[in-house]
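Right, one structure below, let's go through it.
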Amino acid sequence: MARTRRAPAPLTSRATAPEGSSALNATRRNLSFDTLAERREPVDVLVIGGGVTGAGVALDAASRGLSVVLAEAHDLAFGTSRWSSKLVHGGLRYLATGDVAVARESALERHLLMTRIAPHLVRSLPQLLPFVPSVSRKQRVVGGVGLGLGDGLRMLARTPGAVLAHPRRVGREEALRLAPALRRTGLRGGVVSYDGQLVDDARLVVALARTAAAYGATVLTRVTVSEADGGGATLTDGLGGGSMRVPARVVVNATGVWAGEVDPGIRMRPSRGTHLVLDAAAVGHPSAALTVPHPGSISRFVFALPQQLGRVVVGLTDEDAPGPVPDVPQPHDDEIDFLLRTVSSALERPLDRGDVLGAFAGLRPLIDTGGDGATADISRRHHVAVSGSGLVNVLGGKLTTYRAMARDAVDLACRHAGLDDPGCRTAELALVGAPGSSVAFADPGAGAGAAAGGAQRPTPGRALPASLTARFGAEASTVLALARCDRPGDRIAPDLDVTRAEIEFAVRAEGALDVDDVLDRRTRIGLVAADRERAHDVVAEIVAESLARLA
């Protein structure tokens with residue numbers, strides 16, 4: 001990408017309501033990199049990693065009034081953060097393993113996400129434990145008791161019943177209404193419980209990064225980091241802008257499974273979680289997630305989860321993944337077969353490989369504790385500490401508790417570097433798109449698209465697709481109103497519920513720099529190869545036009 005030098009904008013920080021634009025795009029990125037090169041003072045916090053933890057750290061630090069730079073080698077949500085089950089867990093599984101602290105923290109963080117931080121991105125999802133012959137009496141009894149304890153966690157977190165309903169027993173007919181593909185023979189109803197589900201995990205990461213940018217954080221993708229220590233790091237622009245040493249008062253390593261590559265003193269033990277992508281029609285277009293116990297287990301399950309774009313995702317596994325960490329992990333055949341076999345035990349028509357439209361795998365960033373047991377038994381507690389090289393490492397944890405991880409990391413960073421610290425504010429901050437969010441959007445097509453300007457007011461009265469509102473919340477009308485592409489409200493393909501305006505918005509406001517960013521992380525079309533092929537040329541054309549307007 002060609003680079004044009006412009007007069008640098010100030011690298012700012014804000015401690016109160018955000019004043020800058022949340023728009024991330026190629027123009028803002030390039031100008032920010034140039035500005036950083038001319039900066040003489042150290043930044044307060046340099047964050048390495050653009051997943052959910054890194055973006056959460058950037059927002060936490062920026063909202064405390066600290067100057068922040070986030071550097072990501074690829075794209076936002078490139079790694080583990082986009083490969084989750086998209087569940088905002090209330091911690092029930094951790095109760096089953098005796099990890100009460102993680103269970104309680106999960107319930108509290110779920111409450112904040114669903115009621116304050118991102119209620120536009122998280123919905124209540126019914127989950128059905130069916131009483132089919134393959135589910136033993138012990139699994140039914142223990143499952144029912146566990147769901148009762150899970151509801152206790154909900155009440156402990158003070159999540160209203162209107163947000164997450166109480167678990168309840170259902171009869172055969174209602175079970176079939178919720179999950180029409182269930183095995184009929186021997187079906188005796190089931191138990192329905194409720195948990196949180198993200199419309200998309202990658203969208204949460206993008207919303208965090210954009211909100212951080214509105215509070216003054218500099219967000220740089222396609223920037224690799226080397227020679228990181230407690231005093232800064234060398235940043236290299238992957239798009240041809242050169243390298244520079246960025247001094248920082250504190251450096252936070254939030255690179256997940258790659259943490260050991262930044263700090264060789266860290267030992268990670270990644271585990272692989274595999275998911276399958278099915279057409280919702282293959283499992284009867286369920287309105288509830290199907291929860292099927294692992295054979296012989298009372299604490300582990302396979303889920304069949306309704307998703308956007310008419311898909312159902314079946315997952316997940318928990319397998320050791322030793323060796324070098326790949327950029328994009330791949331599912332193993334035995335895991336695919338296990339998932340199909342387990343979920344099929346509860347279905348009238350067994351699933352086979354022909355039903356699988358796509359598959360993906362993510363690596364959990366688990367800390368190597370030196371044991372040789374199963375990765376499923378390793379605690380999901382996060383770990384925050386200063387290493388011998390002076391880096392603040394934030395490790396482990398899970399997507400639901402990203403905010404608590406970020407809070408603890410920034411608390412430690414402030415103590416370690418002696419930074420003025422007004423305290424964490426993120427429990428009260430609504431992300432961009434959430435009802436009542438104070439984060440502004442300024443049209444990046446007007447000038448540099450960086451930190452100036454207030455929110456654009458869309459034309460009222462226009463009908464909005466339900467899918468657009470589900471993905472963008474209060475910004476849905478803005479996505480359409482600001483579009484300059486032809487036929488902004490049209491779908492990019494007849495049976496793909498993604499509008500042309502969303503593709504343009506991904507480039508103009510959400511930091512997408514190429515067609516892969518849009519297909520794989522802003523829309524998730526790329527999860528199914530056939531969908532990707534059908535959409536590619538249209539998406540590539542809109543991306544090219546949008547980048548040209550920003551130039």
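Where a number appears in this text, it was derived from the coordinates with a stated rule and is not lab data. Here the structure is a predicted model, which means the values were calculated and not measured. FYI the Cβ positions are ideal-geometry reconstructions off the backbone, even for glycines, and counts take in every protein chain you see.
Annotations for the structure displayed:
- Between Thr224 and Thr236, Gly238, the built amide H atoms are under 5 Å apart, and every one of these is 5 or more places off in sequence or on another chain.
- Site pair Arg137 and Glu38 shows an inter-label distance of 7.7 nm when each label is modelled 7 Å from Cα along Cα→Cβ.
- If the segment from Ala474 to His416 were pulled out straight at 0.36 nm per residue, it would be longer than the present Cα-Cα gap by 17.0 nm.
- A cut-off of 5 Å between modelled amide H atoms, ignoring neighbours fewer than 5 places along the same chain, links Arg311 with Ala280.
- Calculated on C-alpha atoms, the gyration radius of segment 466-550 divided by its Kirkwood radius gives an Rg/Rh of 0.92.
- J(HN,Hα) series, segment 143-149, from Karplus relation 6.51 cos²θ - 1.76 cosθ + 1.60, nearest Hz, glycine and proline x: x, x, 5, x, 5, x, 5
- Length-normalised contact order of segment 466-550 in % [C-alpha pairs under 8 Å, at least 6 apart]: 25
- From phi via Karplus (6.51, -1.76, 1.60), per-residue ³J(HN,Hα) for segment 471-486 in Hz, x at Gly/Pro: 8, 10, x, 5, 8, 4, 5, 5, 4, 6, 5, 8, 5, 10, 6, 5
- Against the chain, whose longest principal axis comes from its Cα atoms, helix 333-344 is set at around 50 degrees.
- HN-Hα J in Hz across segment 322-330 - Karplus 6.51, -1.76, 1.60, θ = phi - 60°, x for Gly and Pro: x, x, x, 8, x, 4, 10, x, 10
- Estimated FRET transfer efficiency when R0 is 35 angstrom, pair Arg487-Ala281 (beta carbons, to 0.05): 0.80
- Centre separation in Å (Cα based) which lies between segment 33-50 and segment 490-551: 30
- Sequence-distant residues sharing a close amide H with Leu347 (under 5 Å, placed H): Arg183
- Nearest-ten-degree value, helix 52-63 long axis tilted from longest Cα axis of the chain: 50
- Relative to the dominant Cα principal axis of the chain, helix 26-38 is inclined by about 50°.
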